[in-house]
DNA sequence: ATAAATGCAAACGCTTTGCGAGTGC
DNA sequence: GCACTCGCAAAGCGTTTGCATTTAT
């Protein structure tokens, strides 16, 4: 019952690929165009929002006015360079049992979290 | 040399007030209009961006597409209810010495961070 | 006169949606 | 024929900016 969907498929492959883990819709669009020759931004957008509803990817807000998406497996945090804007993944979860302490202090049951460090990357520090 | 600036002053008072610590530009605008009778959104916007440059307030991104601002003193984190969207401040910094561990794992020197928990607030859990 | 604060309106950037056309099944 | 994907274009929405006006010094 499903028709071939080259654009959506390509978006999925991009997320599945190991090279990059954090994508803006724009970057995805560019990559899809590069791979398929042509693709519409809105099609990429719909593929992405579909995947988000499925739960296979989720939004990451880097505070730069653009929405980013990341594959759901392997939760982790990010750190962004104040200078060049580069974003790097912070291996491991820095917040192991913070949720219980948050629960006692606020009464909220923590379901998820998103942490963004900012700092200066080695390259920028070297300048 | 300075002219009276009722709008900017009002914005500053709002941040100085203890009642609310997290403001969207929209909310600030509404509050200023309520207090002064009239004020332009762009004027509030300019007051806010000025304060941000001064360093007296800083942006907080709650991932809802709007920019929020918060007074700089007393760094802390936030938790937002998945259900009703309510945002509550998490007392204390949950990340005491995470920065050194981040530094060893990524090489970045951490200058700041922003953490957003999401969860379910007591009221919504009661439903 | 000068410089600052403000209001108004339009531009902008990115996200989101409506709709019609194309196409496997 | 049907359901689904796609492309195109426009609408939204919040942020940002240009410009003219007002006003205290």
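Of all residues in segment A:1-32, those being assigned to a helix (DSSP H, G or I) and either within 29 Å of residue B:118 (Cα to Cα) or in contact with a helix residue (DSSP H, G or I) (Cβ under 9 Å, 6 or more places away or on another chain) (or both) number 18.
In the set (1) surrounded by 14 or more Cβ atoms within 10 Å (Cβ to Cβ); (2) over 30 Å from residue A:111 (Cβ atoms); (3) more than 11 Å from DNA strand D (Cβ to nearest atom), residue B:37 fails one condition alone, (1). Go through (1) surrounded by 14 or more Cβ atoms within 10 Å (Cβ to Cβ); (2) within 12 Å of DNA strand C (Cβ to nearest atom); (3) within 14 Å of another protein chain (Cβ to nearest Cβ) for residue A:27 and report which single condition fails. Going through (1) surrounded by 14 or more Cβ atoms within 10 Å (Cβ to Cβ); (2) within 12 Å of DNA strand C (Cβ to nearest atom); (3) within 14 Å of another protein chain (Cβ to nearest Cβ) one by one, residue A:27 breaks only (3). For residue B:44, state whether it is within 13 Å of DNA strand D (Cβ to nearest atom), assigned to a helix (DSSP H, G or I) and surrounded by 14 or more Cβ atoms within 10 Å (Cβ to Cβ). So residue B:44 fits the description; yes. Within segment A:93-126, restricting attention to residues that are more than 20 Å from residue B:77 (Cα to Cα) and free of Cβ contacts under 8 Å to residues at least 12 places away in the same chain, the residue that is farthest from the other protein chains (Cβ to nearest Cβ) is A:126. Go through the residues of segment B:56-79 one by one and say whether even a single one is assigned to a helix (DSSP H, G or I), away from DNA strand D (no atom under 15 Å from the Cβ), more than 24 Å from residue A:68 (Cβ to Cβ) and not assigned by TED's automatic domain parsing to the domain that holds residue B:111. There is no residue in segment B:56-79 that is assigned to a helix (DSSP H, G or I), away from DNA strand D (no atom under 15 Å from the Cβ), more than 24 Å from residue A:68 (Cβ to Cβ) and not assigned by TED's automatic domain parsing to the domain that holds residue B:111. The conditions of being more than 10 Å from every other protein chain (Cβ to nearest Cβ), farther than 24 Å from residue B:81 by Cβ and crowded, with 19+ Cβ neighbours inside 10 Å are not met by residue A:90. Taken over segment A:99-122, the criterion of being farther than 20 Å from residue A:62 by Cα, out of contact with any helix residue (DSSP H, G or I) (no Cβ under 9 Å at 6 or more places or on another chain) and surrounded by fewer than 20 Cβ atoms within 10 Å (Cβ to Cβ) is satisfied by A:99, A:100, A:101, A:103, A:104, A:105. Identify the residue in segment A:53-66 that is more than 9 Å from DNA strand C (Cβ to nearest atom) and touching a strand residue (DSSP E or B) at 6+ places or on another chain (Cβ under 6 Å) and, among all such residues, is modelled with the lowest pLDDT. The extreme case among them is A:63.
If you check A:42, A:13 for being out of contact with any strand residue (DSSP E or B) (no Cβ under 7 Å at 6 or more places or on another chain) and within 13 Å of DNA strand C (Cβ to nearest atom), only one passes: A:42. The single condition from (1) within 14 Å of chain B (Cβ to nearest Cβ); (2) free of Cβ contacts under 8 Å to residues at least 40 places away in the same chain that residue A:35 fails is (1). If you go through segment A:64-81 and pick out every residue that is within 14 Å of another protein chain (Cβ to nearest Cβ) and surrounded by fewer than 15 Cβ atoms within 10 Å (Cβ to Cβ), you end up with 5.
The values are calculated or read from the model by the stated rules, or taken from the named source; none is laboratory data. Just so we're clear, the structure is a prediction, and the values are computed from it rather than from any experiment. So basically every Cβ, Gly included, is an ideal-geometry build from the backbone, and we count neighbours across all protein chains shown.
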